[in-house]
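Okay, structure first, notes after.
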Amino acid sequence: MLDRRTLLATLAASSAMAGIRSPAHAMLSGDPGSEGAKLTAIYDRIYDRLIDEDPEFATALGLDKGNRAAAKAKLADRSPAGVKRGQDIYRYGLKELAAVDPAKLTGMDLVNYDTFRRPWEDYVKAYDSFSYGIHSWPEPHPVTQLSGTYRSIPDFLVNQHSIANAADAEAYLSRCADFAVQMDNETGRIKAEHSADIIPPDFVIDRTLTQFDNIWKPAPEANILTTNIKAKTADIPGDWAKRCAAIIEGKIYPAMRRQADELRRVRPRATHDAGVWRLPKGDAYYAYALRFATTTAMSAEEVHKLGLDRMAALSARADAIFKKQGMTKGTVAERMRALGKDPRFLYPNTDKGKADLIAKLNEQIQEMQRRLPEAFGRLPKARVDIRRVPPEIESGAPGGYYQIPALDGSRPGAYYINLRDTAENPSWTLPTLTYHEATPGHHHQIALSQEAEGIPRLRRLPAYSVYTEGWGLYAEQLADEMGVYENDPWGQLGYLQSYMFRAGRLVVDTGLHHYRWSREKAIQYYNESLGTPEGSNVTEIERYCVWPGQATSYMVGQTSWVAIREKAKAALGDKFDLRDFHDTALSAGAMPIEVLQSLIERWTAAQLG
């Protein structure tokens, strides 16, 4: 399933990929009738349908130009019919793949086929099994503190809709008007779901309503949509800001209030139960969410145990470092909490303090860029910017996330950090977050994928959180292995706390949705295990309540990346080259774990042969 919240990474096929040829190579070699070329043609048709169905995605990829210029004035259709059209793309894809004989595929052609066939079968089965929560990923409620048009479209228009001329400004205003239409489409969907007792938990509704209040608090002329177009049209004649404010006052704010009114109407019926087990077919829904997130057959019990085991091992490592630094009293979590409050490591919660924090992140990225050739043969050309999460949505947003660059290079990648309170970001925690979100993590992946040649366009789109988020977490370990914490025990504690955080996710996600933990029990587990601020723990736990399974992809993915690497290393001995391993794994594109494992096994055999 294509997921705009996670990121794909691909590289051009490298010389290390002996025996692995891409469909594009087959076509270029004068074999347009090959089975691989047929597969590429299918994927190209599906790619075009995906972009045509989702004008926001076209803009995100920088493809709202030329024959797709009309897309720049539109938003994705949030109506039930629009959702169904998105699902039908995968039904169509499966029918098309039925015409391909996998026995005739080898090398990269086979990787391309295996990457999508089984997952698409699972998605279509889910579409037929559940009447809710199967849109772009397993997300039981369309409107929450983390999801919904009310929060995604302003962020999209401010950060991704470019304005270079009057036509772009007109397109912006058209999208603002469509914003209200799509909110009403979305409100219609949640009304239907509420009538079927598919209702968010009470605390989710409360948090969402608080965000609505923050968004419409400014007068229309002070709304971020108005101030954004005003700034971007300073040199373009026209009353753009005035027209935008009129749309906000006459269309957007009323549509927001209609959606908020529906949430208020259903609030008395909401329960405090946090897990999806409370919903129709809830247990089956969570089993699907785990398969979607991990691309494995791991059960909730197995995921839970992995989290507990990793948490114990990581806590022991952290304890040893604390003792070397003379911090011996209290649990690991208590010592982490004390370290988090140490004034030596806190930036002032002021504009200057936040600016200094971002400047430090830039220094860390520059230092990592210097080290990258140690571990990679191919480096991205695109740069990455560091930005604040917009203040209007920071109360419910995660601590950091990454936005893909435009394919045409007109917009760089962006690493967003949440600075609602700098106390949540002590300096010893920042390096590992930067390595995860920027480089060698997500930006390294996505920039290389967009610069790649020789694989179908469809393989370059965001897919498979277990691969991409697993890589992001693996990148944190890689940074440690590259020696970035050699003289920085505090930074290494930040790295270990990050890993403990992801191990804890395995425990609380399965706890909430399988073992039927309460929200409060999950928060208590984080408070007692991690030493992170309770406010951020609450935000995280509430995230897992509305995005079931997604948080398990990080540690399951990282564990898989390391296991695959170590198996290859054991088989190759002195022949193992870390740079070749990374280039090979990334140049094949994002994929399910079992496909990645098969790919590296073939690469290993080629090195031995």
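The values are calculated or read from the model by the stated rules, or taken from the named source; none is laboratory data. Because the structure is predicted, anything quoted here is derived from the model rather than measured. Heads up, the Cβs are rebuilt from the backbone with ideal geometry, glycines too, and the neighbour counts pull from every protein chain shown.
Key figures
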| quantity | calculated |
| --- | --- |
| Residue among Ala297, Ala312 that alone is under 30 Å from Arg516 (Cβ atoms) and assigned to a loop (DSSP other than H, G, I, E, B) | Ala297 |
| Selection status of Gly36, more than 30 Å from Leu146 (Cα to Cα), more than 22 Å from the chain's Cα centre (by Cα) and modelled with pLDDT of 90 or more | yes |
| Those residues of region 181-203 which are charged (D, E, K, R) and not in a helix (DSSP H, G or I), in sequence order | Asp197 |
| Cβ pairs under 6 Å, 6+ apart, first in region 165-189 and touching a residue at least 12 places away in the same chain (Cβ under 8 Å), second outside any helix (DSSP H, G or I) and among the small types (Gly, Ala, Ser) | Asn185/Ser79 |
| Residue match in region 102-118 (condition: under 19 Å from the mean Cα position of the chain (by Cα) and not in a helix (DSSP H, G or I)) | no |
| Members of region 128-145 that are surrounded by fewer than 20 Cβ atoms within 10 Å (Cβ to Cβ) and polar (S, T, N, Q) | Ser129, Ser131, Ser136 |
| Pick from region 506-535, criterion in contact with a Gly (Cβ under 8 Å, 6 or more places away or on another chain) and of a type in the set (Lys, Arg), ranking: nearest to Gly549 (Cα to Cα) | Arg516 |
| Test: residue in region 474-490 that is among the hydroxyl-bearing types (Ser, Thr, Tyr) and over 25 Å from Asp421 (Cβ atoms) | yes |
| Pick from region 376-396, criterion out of contact with any helix residue (DSSP H, G or I) (no Cβ under 6 Å at 6 or more places or on another chain) and closer than 17 Å to His436 by Cβ, ranking: surrounded by the most Cβ atoms within 10 Å (Cβ to Cβ) | Val389 |
| One residue from Arg543, Arg565, Arg602 being on the phi < 0 side of the Ramachandran plot, more than 18 Å from the chain's Cα centre (by Cα) and touching a residue at least 60 places away in the same chain (Cβ under 8 Å) | Arg602 |
| Scan of region 340-376 for residues that are more than 25 Å from the chain's Cα centre (by Cα), in a helix (DSSP H, G or I), in contact (Cβ under 8 Å) with a residue 40 or more places away in the chain and under 24 Å from Glu394 (Cα atoms), ordered by number | Gly340, Phe345, Gly353 |
| Counted residues, region 377-401 - those being within 23 Å of Val484 (Cβ to Cβ) and touching a Lys or Arg at 6+ places or on another chain (Cβ under 6 Å) | 1 |
| Condition broken by Tyr485, with the remaining ones in (1) buried (at least 24 other Cβ atoms within 10 Å of the Cβ); (2) closer than 15 Å to Leu314 by Cβ satisfied | (1) |
| Which numbered condition Asp273 fails, given (1) surrounded by 13 or more Cβ atoms within 10 Å (Cβ to Cβ); (2) of a type outside the set (Val, Ile, Thr); (3) assigned to a helix (DSSP H, G or I) | (3) |
| Scope region 210-223; condition touching a helix residue (DSSP H, G or I) at 6+ places or on another chain (Cβ under 6 Å) and either closer than 20 Å to Glu542 by Cα or of a type in the set (Val, Ile, Thr) (or both); matching residues | Phe212 |
| Those helices (runs of 4 or more DSSP H) lying entirely in region 213-266 with at least 2 residues touching a strand residue (DSSP E or B) at 6+ places or on another chain (Cβ under 6 Å) and surrounded by fewer than 19 Cβ atoms within 10 Å (Cβ to Cβ) | none |
| Some residue of region 320-329 being of a type in the set (S, T, N, Q), closer than 22 Å to Cys545 by Cα and without any contact (Cβ under 8 Å) to a residue 24 or more places away in the chain | no |
| Number of positions in region 75-126 that are crowded, with 21+ Cβ neighbours inside 10 Å, closer than 26 Å to Gln160 by Cβ and either polar (S, T, N, Q) or touching a strand residue (DSSP E or B) at 6+ places or on another chain (Cβ under 7 Å) (or both) | 0 |
